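Participant: Please read through the structure below; I'll follow up with questions.
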Amino acid sequence: MDRIDFSALLAKACASRAVPGVWWGQGAGEPMSLVDAVLDALADPDSALDRVRAFSGLSLNERLGRDLPAGLEMESYGALGQLRKVAAAGRLEVVPANYSALPRLFAQGRLPADVGMVQVSPPNRNGEVSLGVAVDYFGDAIGSTRMLIAEINHAMPFLEDSPRLPLSAFAATVNVDRPLAEMGHRAPDEVDLAIAGHVAGLIEDGSTLQIGVGTLPNAVLRALSGHRDLGFHSGMVTDGVLDLIESGVATGARKEIDTGVAVTGSALGSTDLYRRLGERQGRRQDGGLDVSFRPASYTHDPSVLSRLGSLVSINSALEVDLSGQVGSERVGGRFLGAIGGQADFSRAAALTGARSIIALRSTSRGVSTIRPELDGGLVATARADVDVVVTEHGAAVLTGLTERARARALIGIAAEEHRDGLARAGRIQTTQKNQKTQEVLA
C-alpha cells in the first residue's frame, strides 16, 4: 500500500479546527487500509495527529473492536459490526437519526466532514473511478466534504450504474488489491425457517421489497423462491437478493418507479456476490441496468418511497412491546443495533405502500422479545408504522386494532412459556393507564 501522511493532510483540511472530523465508508465500502493508517497515526507518539472525531456506519474492521487509540472520538448512527465492541467499551457516541436524515446532517455540518475516506474501483480510460457496490450515505457526504482520500481497490468492480468521480477529486490515493469485506452469517435454524415461512405468506406476487441483512432476512429470501415478479428497493442487497434476480423470481416488472431495476445503496455479502454484480454490467432489462446503486438521498427519500404503492418493508428488531412499538437499538443498557432505515421504510410501507412487517425470534437468550415495555427504552419504529409482527409462532396483524387487541395479538405469538406473564403484565399496565386517565379527568 502507498503511504499517506495523514497528519499533514488533516492539518491542511482543517487548519482552523482543533479536532479534525473524518468519515469513512461502511460495509463492503470500508477503506480498511485508510482506517488502519489513521489508527496508526493516532497511536504514533511522534505523529502530530493526536485527536480525530470520526463517523462511520457498519464496520467490519477488526482493529476497531480491539484497543483504540485514546485520541479517536468515534460516532455512528448505530452499534453495528465491530462498533458493538466500541460501544461496549464506552467509546461510541450514537447519533439518533433516521438513515434518510444522514445526507442533510452532513450538508449542515452536524457530522464530521473535513475529510472523507472512500473505497473505489480502479479508474476507467477516462480517469474516472466508481463507488462500485457501496454508495450509501457517503454518496451524499462526498458533496459536503472538504477533502477526499481514496483507497483504489482492484477488487472493487467498476459499475456503470454507480456514482463516479474523477481522480482529480481526491487529495491523495492509495492502491490496494484485497478482497472486499464479506458479511458471514450462521445457517438458518428451524426457528428462522418458521419465521421466514410466515413472512413469505404475507407477501403477494409483484411486491416491491425492502429487507435487511442477516440470517433471518436470508431465510426469508429463500422462502420467496416460489413468488413471481418481485421487485427490490432497499438499503442493501445480499446474495439472496441476487439469487432471486438471477432465478427470474425478482423481475421488478410491476414496480411503480424504476421498473425492471433493483435499486439499492450497497451490496453486502460474499466475494461471489461482488463478482457476480461486476459480471452483470451491460446486461440490460427494460432499458435499464437491473441493479442500480444510488445514494441514501434517493434510496431512503420519503418522496421516492411514497411512489412505491407495492412496497413491503421487512425488518428485524431486538424487541417489541405490547402496543407494537419496536426497539432496534439497545437492550439492557447495551447498544446492539441502530434505527437505520427501519423507520423510513416502515412508515412509507405502512402509509403509502403495501405492508410494514417486523420479524423477530420470540426469545433471545431465554428472555421474551415481546415485552410489556421496551427494555432498552428507545423506540426505533412507532407502533402506528407497524402492520404485522411475526415470530416463529405466527403473525400478529396489528393494523386497525385497539391497544388491548394489539396486546392480545402480540401475546399470541410470544413464546408459550412467557404468555401468562405477559398477559398479567398487560392487565396491570391497562389498569394503571385507566387510573391515570381517571385522575386527569377528575
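Participant: Return the pair list, or none, for Cβ contacts closer than 8 Å from residues in the stretch 199-226 that are modelled with pLDDT of 95 or more to residues that are in a loop (DSSP other than H, G, I, E, B) and hydroxyl-bearing (Ser, Thr, Tyr), at least 6 apart or on different chains.
Facilitator: Matching pairs, first to second residue: 206/310; 207/310; 208/310; 217/238; 218/238; 221/238; 225/247.
Participant: Name every residue in the stretch 304-316 that is within 17 Å of residue 99 (Cα to Cα) and open to solvent by 20 Å² or more (accessible area, probe 1.4 Å), in order of residue number.
Facilitator: 306, 316
Participant: Can you name every residue in the stretch 317-336 that is among the small types (Gly, Ala, Ser), part of a loop (DSSP other than H, G, I, E, B) and buried (at least 23 other Cβ atoms within 10 Å of the Cβ)? Steps first, answer last, please.
Facilitator: Here is the first cut: in the stretch 317-336, the residues among the small types (Gly, Ala, Ser) are 317, 323-324, 327-328, 332-333.
Now restrict to residues that are part of a loop (DSSP other than H, G, I, E, B): 317, 323-324, 328, 332-333.
Residues satisfying the conditions are 324, 328.
Participant: Give the residues of the stretch 143-156 that are open to solvent by less than 30 Å² (accessible area, probe 1.4 Å) and hydrophobic (A, V, I, L, M, F, W, C), sorted by residue number.
Facilitator: 147, 148, 149, 150, 152, 156
Participant: Residue 204 is checked against (1) closer than 30 Å to residue 309 by Cβ; (2) crowded, with 17+ Cβ neighbours inside 10 Å and fails just one. What number does that condition carry?
Facilitator: Going through the list (1) closer than 30 Å to residue 309 by Cβ; (2) crowded, with 17+ Cβ neighbours inside 10 Å, residue 204 breaks only (2).
Participant: Being more than 17 Å from residue 24 (Cα to Cα) and either among the charged types (D, E, K, R) or not in a helix (DSSP H, G or I) (or both) is the filter here, so list the residues in the stretch 35-49 that pass it. Break it down stepwise before answering.
Facilitator: Keep residues of the stretch 35-49 that are more than 17 Å from residue 24 (Cα to Cα), which gives 43-49.
Passing the criteria: 44, 45, 46, 47, 48, 49.
Participant: If you don't mind, another one. Tell me which residues, restricted to the stretch 172-196, are surrounded by 15 or more Cβ atoms within 10 Å (Cβ to Cβ) and more than 21 Å from the chain's Cα centre (by Cα).
Facilitator: Once the filter is applied, which keeps residues that are surrounded by 15 or more Cβ atoms within 10 Å (Cβ to Cβ) and more than 21 Å from the chain's Cα centre (by Cα), the stretch 172-196 yields 172, 173, 174, 176, 191, 193, 194.
Participant: Looking only at the stretch 191-199, decide whether some residue is in a loop (DSSP other than H, G, I, E, B), of a type outside the set (Gly, Ala, Ser) and under 30 Å from residue 256 (Cβ atoms).
Facilitator: no
Participant: Only residues in the stretch 72-95 that are without any contact (Cβ under 8 Å) to a residue 24 or more places away in the chain count as the first member; pair them with residues that are of a type in the set (Lys, Arg), Cβ under 6 angstrom, at least 6 apart or cross-chain, and list the lot.
Facilitator: Correct list of pairs: 74/91.
One line per residue, one yes/no per condition, for (1) touching a strand residue (DSSP E or B) at 6+ places or on another chain (Cβ under 6 Å); (2) open to solvent by less than 40 Å² (accessible area, probe 1.4 Å); (3) of a type in the set (Phe, Trp, Tyr):
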| position | (1), (2), (3) |
| --- | --- |
| 210 | yes, yes, no |
| 219 | no, yes, no |
| 224 | no, yes, no |
| 232 | yes, yes, yes |
| 250 | yes, yes, no |
| 267 | yes, yes, no |
| 270 | no, yes, no |
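Participant: Only one of these is more than 22 Å from the chain's Cα centre (by Cα) and among the polar types (S, T, N, Q): 207, 270, 247, 234. Name it.
Facilitator: Every option except 247 fails the conditions.
Participant: Oh, and also: Scan (1) at positive phi; (2) open to solvent by 60 Å² or more (accessible area, probe 1.4 Å) for the single condition residue 366 breaks and write down its number.
Facilitator: All conditions pass for residue 366, except number (2).
Participant: Pick out the one residue from 371, 361 that is under 25 Å from residue 333 (Cα atoms), charged (D, E, K, R), over 20 Å from the mean Cα position of the chain (by Cα) and at pLDDT 95 or above. Reasoning before the result, please.
Facilitator: Values: 361 fails: over 20 Å from the mean Cα position of the chain (by Cα).
Answer to the selection: 371.
Participant: If the requirement is being among the β-branched types (Val, Ile, Thr), open to solvent by 50 Å² or more (accessible area, probe 1.4 Å) and under 21 Å from residue 235 (Cβ atoms), which of these qualifies: 386, 379?
Facilitator: The unique qualifying residue is 379.
Participant: Could you count how many residues in the stretch 118-139 are open to solvent by 10 Å² or more (accessible area, probe 1.4 Å) and in a strand (DSSP E or B)?
Facilitator: The total comes to 1.
Participant: Related question: Quick one: which of 109, 57 is in a loop (DSSP other than H, G, I, E, B) and open to solvent by less than 10 Å² (accessible area, probe 1.4 Å)?
Facilitator: Checking each option against the conditions leaves just 57.
Participant: Please go through the stretch 279-316 and pick out each residue that is at pLDDT below 95, in contact with a strand residue (DSSP E or B) (Cβ under 7 Å, 6 or more places away or on another chain) and in a helix (DSSP H, G or I).
Facilitator: Answer for the stretch 279-316, where residues must be at pLDDT below 95, in contact with a strand residue (DSSP E or B) (Cβ under 7 Å, 6 or more places away or on another chain) and in a helix (DSSP H, G or I): there is none.
Participant: What number of residues within the stretch 369-399 are closer than 19 Å to residue 348 by Cβ and not hydrophobic (A, V, I, L, M, F, W, C)?
Facilitator: 5
Participant: Report the residue count in the stretch 60-100 for those that are assigned to a helix (DSSP H, G or I), buried (at least 18 other Cβ atoms within 10 Å of the Cβ) and of a type in the set (A, V, I, L, M, F, W, C).
Facilitator: Qualifying residue count, the stretch 60-100: 4.
Participant: May I ask you to say which residue of 205, 243 is assigned to a loop (DSSP other than H, G, I, E, B) and more than 25 Å from residue 337 (Cβ to Cβ)?
Facilitator: 205
Participant: Any idea which of 405, 414, 343, 349 is open to solvent by less than 40 Å² (accessible area, probe 1.4 Å), farther than 27 Å from residue 76 by Cα, out of contact with any Phe, Trp or Tyr (no Cβ under 6 Å at 6 or more places or on another chain) and not in a loop (DSSP other than H, G, I, E, B)?
Facilitator: Sole residue among the options that is open to solvent by less than 40 Å² (accessible area, probe 1.4 Å), farther than 27 Å from residue 76 by Cα, out of contact with any Phe, Trp or Tyr (no Cβ under 6 Å at 6 or more places or on another chain) and not in a loop (DSSP other than H, G, I, E, B): 405.
Participant: Checking the conditions here, which among 160, 75, 151, 128 is at pLDDT 95 or above and out of contact with any helix residue (DSSP H, G or I) (no Cβ under 9 Å at 6 or more places or on another chain)?
Facilitator: Matching residue, one of 160, 75, 151, 128: 75.
The values are calculated or read from the model by the stated rules, or taken from the named source; none is laboratory data. Keep in mind that this is a model prediction, so the values were computed, not measured. A quick note on method: Cβ atoms are made from the backbone with ideal geometry, for glycine too, and the neighbour counts reach across all protein chains shown. These accessible areas exclude ligands, DNA and RNA; they are computed on the full protein's heavy atoms, side chains included. Shrake-Rupley method; radii C 1.70, N 1.55, O 1.52, S 1.80 Å.
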